[in-house]
1. Kindly indicate whether Arg123 is out of contact with any Leu (no Cβ under 7 Å at 6 or more places or on another chain) and without any contact (Cβ under 8 Å) to a residue 24 or more places away in the chain.
2. Do you know which of the residues in segment 89-134 that are of a type in the set (Ser, Thr, Tyr), assigned to a loop (DSSP other than H, G, I, E, B) and more than 19 Å from Gly67 (Cβ to Cβ) is nearest to the chain's Cα centre (by Cα)?
3. Yes or no: segment 135-142 includes at least one residue that is open to solvent by 20 Å² or more (accessible area, probe 1.4 Å), part of a strand (DSSP E or B), at pLDDT 95 or above and in contact with a strand residue (DSSP E or B) (Cβ under 9 Å, 6 or more places away or on another chain).
4. Go through (1) open to solvent by 60 Å² or more (accessible area, probe 1.4 Å); (2) within 14 Å of Leu49 (Cβ to Cβ) for Ile68 and report which single condition fails.
5. For segment 53-77, which residues satisfy the criterion of being outside any strand (DSSP E or B), at pLDDT 95 or above and either over 15 Å from Lys101 (Cβ atoms) or not polar (S, T, N, Q) (or both)?
6. Considering only residues that are in a loop (DSSP other than H, G, I, E, B) and open to solvent by 20 Å² or more (accessible area, probe 1.4 Å), look in segment 37-52 and name the one that is nearest to Ile106 (Cα to Cα).
Amino acid sequence: MASSTNNQFTFVLLSFLFILKKSSSLGNHSSIDGILLFSPKHVVIYNTLTTRATLVVHCMNKEKDLGIKKLPIGASFDFRFHVNFRKTTTYNCTFEWPGSKEKFDIFRADRDDNATSPIGVCRECIWYIYEPAPCREKRDGGHSICFSWDP
């Protein structure tokens, strides 16, 4: 009986490792993103302010403060992480430019790592910051999706 249980565990473990290996070799996106635990993510934030002002970005989550970054027009800031076991990972950011200070959750597992999300899963989450809204690029070539700033 114990041998059968060990064989089943070994099969499940090897299957998981095979899927994990295949998913990491698929490049920017795979059909199993949003399903695997601890999904790798890469967030990129571009300053695309139409006023051409410097964008000051400060991102953090519950455990990590990524520091303050000053981005001239066209510049970007990026970071990498893995979604946590409970799939509750969130990174919130403040964005400042002359005359404005806005807040936005630049990554939310429920929105950005959920296979049933209407906006789709992103492995590489590319964001363009404009004055009226932050916009996430669609990796399938469609139009970017813009969101409202957080209250």
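The values are calculated or read from the model by the stated rules, or taken from the named source; none is laboratory data. As the structure is a prediction and not an experimental result, all values here were calculated from the model. No Cβ is skipped: glycine too gets one built from the backbone with ideal geometry, and neighbour counts run over all protein chains shown. Just the protein is used for accessible areas: all its heavy atoms, side chains included, with ligands, DNA and RNA removed. Shrake-Rupley method; radii C 1.70, N 1.55, O 1.52, S 1.80 Å.
1. So Arg123 does not fit the description; no.
2. At the first step, the residues of segment 89-134 found to be of a type in the set (Ser, Thr, Tyr) are 89-91, 94, 100, 116-117, 128, 130.
Checking which are assigned to a loop (DSSP other than H, G, I, E, B) leaves us with 89, 116-117, 130.
Checking which are more than 19 Å from Gly67 (Cβ to Cβ) leaves us with 116-117, 130.
Numbers: Thr116: 16, Ser117: 13, Tyr130: 18 Å.
Among those that are of a type in the set (Ser, Thr, Tyr), assigned to a loop (DSSP other than H, G, I, E, B) and more than 19 Å from Gly67 (Cβ to Cβ), it is Ser117.
3. If we filter segment 135-142 for residues that are open to solvent by 20 Å² or more (accessible area, probe 1.4 Å), which is where we start, we get 137-142.
Then drop every residue that is not part of a strand (DSSP E or B), which leaves none.
No, because not a single residue in segment 135-142 is open to solvent by 20 Å² or more (accessible area, probe 1.4 Å), part of a strand (DSSP E or B), at pLDDT 95 or above and in contact with a strand residue (DSSP E or B) (Cβ under 9 Å, 6 or more places away or on another chain).
4. All conditions are met except number (2).
5. Ala53, Asn61, Lys64, Pro72, Ile73, Gly74, Ala75
6. Pass one, segment 37-52, residues in a loop (DSSP other than H, G, I, E, B): 37-39, 48-52.
Filter once more, so that each one left must be open to solvent by 20 Å² or more (accessible area, probe 1.4 Å): 37-38, 48, 50-52.
Details: Leu37: 20, Phe38: 18, Thr48: 15, Thr50: 20, Thr51: 22, Arg52: 21 Å.
The residue in question is Thr48.
Rundown of residues vs (1) charged (D, E, K, R); (2) closer than 14 Å to Ile45 by Cα, yes/no style:
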site: Leu71; (1), (2): no, yes
site: Asp112; (1), (2): yes, no
site: Tyr130; (1), (2): no, yes
site: Pro151; (1), (2): no, no
